[in-house]
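A.B. asks: Quick one: structure below, then a few questions.
The values are calculated or read from the model by the stated rules, or taken from the named source; none is laboratory data. Because the structure is predicted, anything quoted here is derived from the model rather than measured. In this analysis, Cβ positions are derived from the backbone assuming ideal geometry, glycine residues included, and neighbour counts consider all displayed protein chains.
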Amino acid sequence: MTVEDQAMEQAAPAEARGPAPIVPSDSIAGTALLAVIAIMTFLAALTLGAVVLVRASAAEWQSQIAREVTIQVRPAEGRDTEAEVRKAAGLALAAPGVTDVRPYTRAESARLLEPWLGTGLALEELPVPRLIVVKTGADAPDLAALRQQLAREVPGATLDDHRAWVGHMRAMARSAVAAGLGVLALVLAAAMLSVTFATRGAMSTNRPIVEVLHFVGAKHAFIAGEFQRHFLLLGLKGGAIGGGVAILLFFLAGALGRWLRGSAGESQATALFGSLALGPEGYAAIIGLIILVGAVTAGTSRLTVHRTLRAME
């Protein structure tokens, strides 16, 4: 390119180079806001994913507990504990709706106390209750009738349907979900405040341009639309970055869980955190969160522009 061509290109009017946007897309403030939105979306996506996992794990645990009841046969002097265990197991198996009955041996019942009492203790002299695990099907048995029958025919037997545990677990799951949704609302509120300040800063920086547009008759909807379009793209881009990183993190956690399946590490992780597989519903929720962040960013920007323009009149 010759020197004359360079001079002609520099002297070319702005219309020949294409219209410039009202809000510059490569400003330092825009880059900082993009990073803030990405970080907030990442944290919100982690919170939303944790809420989905907690709800799924709690529903699975409640379903498992609801399908099991436990019969305890307490040993007493003058009674044959083994005979009472067999009789209680037979009564439970004969009840309608019961699919399986598994009596624990004395050694198995004693091993259940090891996490609290330790190993190597002589438990033969202790009145360790014998447990019978009863699994139910889709049609729940009449537990009240079974409880009365056990009390009448096996005096040392009691039936526990775990309703208290199910209630506590349901309350804990609801509290965890409420806390997660509260954190999500706080993150969205912080994003709205950040967008509000960024929009005001952008309008302050471009105030001469806004005043000229206002002077020549540009409507508020046109000016607000320019800012809304800019912040919508900014919000979607930041949300996609933060949400994409969160989706990748959950995918890797699920892949790690599948890789550890069947090992001792997998059973321990499942016992502590439940299943780490987010599932299609969880990924769809994060994608919806990304769209919500973009909509909140655009709506907040438009509302801020309208308020600022009304103040300029």
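A.B. asks: Need pairs with beta-carbon distance below 9 Å; first residue at positive phi and modelled with pLDDT of 75 or more and within the stretch 212-236, second surrounded by 19 or more Cβ atoms within 10 Å (Cβ to Cβ) and part of a helix (DSSP H, G or I); sequence gap 6+ or separate chains.
C.D. replies: The qualifying pairs do not exist here.
A.B. asks: Are any of the residues in the stretch 191-198 surrounded by fewer than 16 Cβ atoms within 10 Å (Cβ to Cβ), out of contact with any Gly (no Cβ under 9 Å at 6 or more places or on another chain) and under 14 Å from M40 (Cα atoms)?
C.D. replies: Checked the stretch 191-198: at least one residue is surrounded by fewer than 16 Cβ atoms within 10 Å (Cβ to Cβ), out of contact with any Gly (no Cβ under 9 Å at 6 or more places or on another chain) and under 14 Å from M40 (Cα atoms).
A.B. asks: Ok, one more. What about G238, is it farther than 30 Å from V73 by Cβ and assigned to a loop (DSSP other than H, G, I, E, B)?
C.D. replies: Here the answer is no, as G238 does not meet what is asked.
A.B. asks: Same structure, new question: Please specify each residue of the stretch 143-162 satisfying the condition of being within 42 Å of the chain's Cα centre (by Cα) and surrounded by 13 or more Cβ atoms within 10 Å (Cβ to Cβ).
C.D. replies: Passing the criteria: L143, L146, R147, A157, T158, L159, D160, D161, H162.
A.B. asks: Also, I was wondering about something else. Output the qualifying pairs, or none if there are none: Cβ atoms under 9 angstrom, residues six or more apart or on different chains, first residue in the stretch 175-192 and touching a residue at least 12 places away in the same chain (Cβ under 8 Å), second residue assigned to a helix (DSSP H, G or I) and basic (K, R).
C.D. replies: What qualifies is A176/R55; V177/R55.
A.B. asks: Can V187 be described as surrounded by 12 or more Cβ atoms within 10 Å (Cβ to Cβ) and assigned to a helix (DSSP H, G or I)?
C.D. replies: Details: surrounded by 12 or more Cβ atoms within 10 Å (Cβ to Cβ): yes; assigned to a helix (DSSP H, G or I): yes.
Yes: the conditions hold for V187.
A.B. asks: Do you know which of the residues in the stretch 269-287 that are touching a Leu at 6+ places or on another chain (Cβ under 9 Å) and more than 16 Å from L248 (Cβ to Cβ) is modelled with the highest pLDDT?
C.D. replies: Ranking the qualifying residues of the stretch 269-287, first place goes to S275.
A.B. asks: Tell me, which residue of the stretch 53-81 that is over 42 Å from the mean Cα position of the chain (by Cα) and of a type in the set (D, E) is surrounded by the most Cβ atoms within 10 Å (Cβ to Cβ)?
C.D. replies: D80
A.B. asks: Take the residues in the stretch 219-236 that are of a type in the set (F, W, Y) and more than 31 Å from the chain's Cα centre (by Cα), then tell me which one is surrounded by the most Cβ atoms within 10 Å (Cβ to Cβ).
C.D. replies: So, considering only residues that are of a type in the set (F, W, Y) and more than 31 Å from the chain's Cα centre (by Cα), the one surrounded by the most Cβ atoms within 10 Å (Cβ to Cβ) is F227.
A.B. asks: What pairs come up if the first residue lies in the stretch 285-313 and is not assigned by TED's automatic domain parsing to the domain that holds A202, the second is exposed (fewer than 14 other Cβ atoms within 10 Å of the Cβ), and their beta carbons are under 6 Å apart, counting only those six or more places apart or on different chains?
C.D. replies: none
A.B. asks: Return the only residue of T70, T47 being assigned by TED's automatic domain parsing to the domain that holds E281, at pLDDT 75 or above and among the hydroxyl-bearing types (S, T, Y).
C.D. replies: T47
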